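Taking it in order: structure first as structure tokens, then the write-up.
Where a number appears in this text, it was derived from the coordinates with a stated rule and is not lab data. Values in this document were obtained by computation on a predicted structure and should not be read as measured data. Don't worry about glycine lacking a Cβ; one is built from the backbone with ideal geometry, like all the others, and counts go over all protein chains shown.
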Amino acid sequence: MSRLVAKLPAPTGTKPERAGRRRRSRQERLAYTILLPALGTVFVIVTIPFVLAVWQSITDDNGTLVGFNNYAKALGNPLFYDALRSTGLYALMVLPTEILLGLTFALLVHRTVKRPGLRATLYVLAVLPLVVPPVAVGVVARLIYAPGYGVLNYLLQGAGITHSEILWLGVPILAMGSIASVDIWQWTPFVYLVLFAGLQTVPRESIEAAQVDGATWWTQFRYIELHYLRPLFLLILFFRVADVLRVFDHVFILTGGGPGTSTQLLSLYMYRIEFKFFDGGQAAALAVLVLVSISILYSLVTRALPLERT
Amino acid sequence: MRSRRAAIALRLILIIAGLGVAAFLYAFPLYWLVATSLKGKAELYQSITLIPQHPTLASYGSVLFERGFWVLLKNSVIVCGATVVVTLAVGLVITYPITRLVVPPQLRVGVLNWALSLRFLPPVAVVIPYFAIVRTLQIYDQPIALIGIYSLFNLPFAIWMLKGFLAEIPVELEEAALIDGANRWTSFRRVLLPLAFPGLMAAGTIVFTFAWSEFLFALILTATPNAQTFPVGVQSLVTQFEIIWNDMAAAGVIAMTIPLVLMVIGRKYMVAGLTFGVIREK
Amino acid sequence: MQRISRREFVKRTAVTGAAFTSLPAFLAACGESTGANKVSKLVVAAVQGNEDGPLKKVVGNYKSETGIEVQVVEYPYPQLFEKLVTTFQANAATYDLCMMDDPWMPKFGTMGALQPLDSNFGFQRDPDIPTVVYDVGTWPPPHGPVPPTETTKAQHLYGITIVGNVEMFMYRSDKSGAPANWDAVLTNAAKYNAANFYGYVIRGLATNPVSSDSLPILWSFGGNIFDDTWKVTLDSTASIDAVTFLTKKLKQYAQPGPESTDAADRSKLMATGKAYQSTVWPGEITGIVEDPTVSQVKGKVAYIPIPKGPSGKGLGMMGNWLLGIPKGSTKGAAAADFIKWMLKTDKMRNYVAQGGIPIRKSILNDSSLASANPYFAALAQSFDAVPNWRPRTDQWNQVETIYGTQMNATVAGLITPQAAMQKAAADIRTLMKAAGYPSA
């Protein structure tokens, strides 16, 4: 539909200044004509669920308006705050580790590995965890951490490091560590790939100039590479924070939220309210709260750290 | 001087040891997945062995044919392929105006920011309203429902990546075509698309991979092998009363293969695409 | 609970798409008829695991006999329940038959989600099938407390058992005789506990697994979740004693990590000769413990009904899997025919040969089958003793989640049994009150 509209021919045979001004406004109009239907449709598709969620959150099962009852229920539930705390703890464990590890490996490989064949191999290896579906990773994690048949305990005991079974999934802090380790395993390579690609774009002349001047690798990094990587860091942070807030699949399989509710992250908590307690109103209220909070958070962050320099 | 060399050597040893440990921690889960998939059922009941005693491909056959998961595999390929097409098309439609045409910068930033914010949408928060919509539109348990939602969720990635690639292509090339008498659509098709091809490949590969792994919407919006995708099948093998770790591992290995092949083929484009166009060549 | 008004709203907001896309659905519905001769396919929603294995094996016979293909779509236990509830809420025609764990009956009965088998399809009580099997598939329940909103409804049969699960007890008979009661279980556990040979196996994974495993013990001690008036009795002395017995006394001799152990793990321990005794479901027996390809203890394990407790009763627990027909199905008559076919005695014998768990008394008491199915005698006894069933409330899933989470926490040693049961009782009281049950 929009392609047809774009077939309008460009103006020909007009005076230069008038042509310039007309072409710009024509370009703008063209842009809007193309953009609006696509964006409009997407906007509508994205907004309808939000509207539905709001509606569901202010009515009860029979459709009568109940005002903010569901919100009161959602905010009054102590498990909600447990879920928030668990998610925060998870993010704290996962984000710094992934970024630091990814950066370390990217720098290491960029500096020390020069042969393209080796780099290609490393690339393939780094890509692997990205393509494994999180459910499959959760399954592998069970095979590693579970008591009785988990291979980790087998290896530890075989190497003589421990003498009894460690309950990786039975002690709350260890369970949290287990699910965090899965996330780190799966996403550090992503950080590595992005930062490594970013390092490739750093101009060699700058590096060589710095090296001639006797800069150590740390100074080199701090003043040159970091400058180029900064926007990428922000981007990675954005995406990883977003993903951590949404994480579900592998935790679902590995611990199901247990032991107790110690690994019941936000998305698992919401899932439980909707599918175990069938409390659609409270689940919708939670959804609205989460969506609104994230929007506020997001706009605050983008205002402080603009990604796109205009 | 000797101590300096010793210090360097020590650092080298530490780095290598560290890398070695990291490599092991990283590779062992993958090895374990493959090893478990090659084990026979009886072996799962014995003590753990690091190497399968009688390696067999039986679980792959069991997963694909006895459990009929090849249908799920087919569904995944169709859904993800269609998602790539839709996402790239819509992505181009959105990215083209804001990179090729002169528009107010607020519009460009606004669109890009809005696109990025979509990534923050927790699926579990919207899965129920989407379920209600899908039911009303009578597309429950139909692949089209998944294609629509996956395209929506992957649009931000596609927009950011395409933005990067399209912005690299000099506007002059298109303007030259326009001056030569071509209309915008022809210049788009003949000049821009071929140059943007690497970006399209990179974006397409990433979108395919993310769509491939999606689980929650597939779980809620499908009910039968009519539309169920492979991750739903993988998860369904985590069962209460059976020990079928080998089948489960085999399903995991199968799930890995196709996107991995794609990633390897599209490697050239990936490296460029992964900077998401945020870093410019200077 | 119906969500009509919400769906009305959704329909109003999504009217454009519905107008266009409902046309093909309408045409498709016209194409199928409810007459048996035109039906070519039935879709069954089933639970993944040992329970539906035999079902999958016998549907081929149905096809050769009648030409109707029965497609078995499997889900893991928790997902099956969620799928069924969401499908029922939307009254979809996705499934023609569904496997239901009997504790789900109250919710589906309250939702009015199933087609009545007796009035619509002429099912009648067969004397060869234990009465309790019909009772468990009837709504409202013929005995025990009835949810307040359901007392006026007419009773109908909505589901028939195809997997005669009643929870039992297993122990290594090559080492000792049968424990007479739970005290003997504890003594034996202490006696036989050794390195790599656990005296007892606790199935403590959160929600359904630990709930199923612990309720019979709760009942044998005289405790319960509710009494006959829906009053919560989870924090009574008897209940707390039972939980303490399991999570403190028996746990000393149990395997490490019971809070992550599920049924398959439990049976595997038994089958590989690493455990002495535990509760067990017949599905695990046929699938694992007595499976010659994986079991090292075939012939060394005996099966008995759940042992007695201090209250003097050994109350087994029903966990039958029923087949029902969703209201949204357009092929009700054909679906009913399939159920009747499964129940025929000769078909059931074939089903048993494939590893199925029967419900006919004549088959259970058939001595010729006893050696191949060593648990039959215990199962027949359990049926005769009229096993208990889980509380017949439509809130059961939520109750089980609350109870199961607290049980899991105390099995893990995170809180004391007393604290766990008091918290669970308080939460369940709040839940039931909000759902309209008589309070406290």
* Structure fact -> Between C:Ala385 and A:Val124, the two model label points (7 Å from Cα along the beta-carbon direction) sit apart by a distance in nm of 6.1 nm
* Table column - 3J(HN,Hα) (Hz), the stretch C:244-254, Karplus curve with 6.51, -1.76, 1.60, x for Gly and Pro -> 4, 4, 6, 8, 10, 6, 5, 5, 4, 10, 9
* To do: Specify whether the C-alpha gyration tensor of chain C places it in the rounded, prolate or oblate class, a ≥ b ≥ c being the square roots of the eigenvalues: rounded for a/c under 1.5, otherwise prolate if a/b is larger than b/c and oblate if not.
  => oblate
* Count, for each residue of C:254-267, the Cβ atoms from other chains sitting within 10 Å of its Cβ, then give me the mean as a whole number. => 6
* Structure fact -> Sorted by chain and number, the residues with a modelled amide H under 5 Å from that of C:Ile357, at a separation of 5 or more or across chains, are C:Gly164
* Structure fact -> Everything considered on the Cα gyration tensor (a ≥ b ≥ c; rounded for a/c under 1.5, else prolate if a/b is larger than b/c, else oblate), chain A must be described as oblate
* For the protein assembly as shown, build the charge dipole from Cβ charges (+1 Lys, Arg; -1 Asp, Glu) around the Cα centre, then report which of B:Tyr96, C:Gln71, B:Phe217 sits farthest towards its positive end. => B:Tyr96
* About its Cα centre, how strong a charge dipole does chain B have in debye, to the nearest 20, once Lys and Arg get +1 and Asp and Glu get -1 at the Cβ? -> 940 debye
* Quick one: Karplus J couplings for the stretch C:213-229, per residue in order, coefficients 6.51, -1.76, 1.60, θ = phi - 60°, nearest Hz, x for Gly and Pro? -> 6, 9, 4, x, 5, 3, 5, 5, 8, x, x, 6, 7, 10, 9, 5, 10
* To do: With r as the distance between the Cβ atoms of A:Ser299 and A:Arg222 and R0 = 35 Å, compute the FRET efficiency 1/(1 + (r/R0)^6) and round to 0.05.
  => 0.70
* **Separation of the B:Ile144 and C:Asn350 label points, Cα + 7 Å toward Cβ, nm** => 4.1 nm
* lysines near C:Lys340 by alpha-carbon distance under 16 Å, same-chain residues fewer than 8 away left out - which ones? -> C:Lys63, C:Lys331
* Using the alpha-carbon atoms, what tilt in degrees (0 to 90, nearest 10) does helix B:143-168 show relative to the longest principal axis of chain B? -> 60 degrees
* Before anything else, pin down the relative contact order of chain B: Cα pairs under 8 Å, at least 6 apart, normalised by residue count, whole percent. => 29 percent
* Among all the aspartates and glutamates, which ones have a C-alpha under 20 Å from C:Lys41's C-alpha, if same-chain residues fewer than 8 places away are not counted? -> B:Glu66, B:Asp141, C:Glu32, C:Asp52, C:Glu65, C:Glu69, C:Glu74, C:Asp96, C:Asp337
* Structure fact -> Tilt, helix C:182-192 to longest principal axis of chain C (alpha-carbon atoms), in degrees rounded to tens, equals 60 degrees
* From the cross-link list C:Lys83/C:Lys361; B:Lys39/C:Lys175; C:Lys249/C:Lys423, which pairs have alpha carbons spaced over 26 Å apart? -> C:Lys83/C:Lys361; B:Lys39/C:Lys175
* To do: Order by neighbour count: C:Glu259, C:Glu74, fewest other Cβ atoms within 10 Å first, most last.
  => C:Glu74, C:Glu259
* **Mean Cβ count within 10 Å, highest first, over the residues of peptides C:210-219, B:210-219** => C:210-219, B:210-219
* Would you pull out the residues with amide H under 5 Å of C:Asp128's amide H, same chain only if 5 or more places away, H placed 1.01 Å from N? => none
* Asked: Which ³J(HN,Hα) values, rounded to whole Hz and listed in residue order, are derived for the stretch A:30-42 from phi using the Karplus coefficients 6.51, -1.76 and 1.60 in 6.51 cos²θ - 1.76 cosθ + 1.60 with θ = phi - 60°, glycine and proline given as x?
  -> 4, 4, 5, 4, 6, 5, 4, x, 5, 4, x, 4, 4
* **Long-range HN-HN contacts of C:His156 with modeled amide H, under 5 Å** => C:Trp139
* Among the lysines, which have Cα under 17 Å from the Cα of C:Lys251 when same-chain residues fewer than 8 positions away are ignored? -> C:Lys191, C:Lys274
* Asked: So what's the gap between the Cα centers of the stretch B:77-96 and the stretch B:161-197, to the nearest angstrom?
  -> 19 Å
* Could you tell me which of rounded, prolate or oblate describes the protein assembly as shown, using a ≥ b ≥ c as the square roots of the eigenvalues of the alpha-carbon gyration tensor, with rounded for a/c under 1.5 and, failing that, prolate when a/b is larger than b/c and oblate otherwise? => prolate
* Average Cα contact separation per residue, chain C, under 8 Å, 6 or more apart, as relative contact order % -> 25 percent
* **Ranked packing of A:191-202, B:9-20, C:99-110, most packed first, by mean Cβ within 10 Å** => C:99-110, A:191-202, B:9-20
* Using a simple spin-label model with points 7 Å from Cα along the Cα→Cβ vector, what separation in nm is obtained for C:Asp128 and A:Leu79? -> 4.6 nm
* Taking the alpha-carbon centroid of each part, what is the distance from the stretch C:39-104 to the stretch A:142-207 in angstrom? -> 39 Å
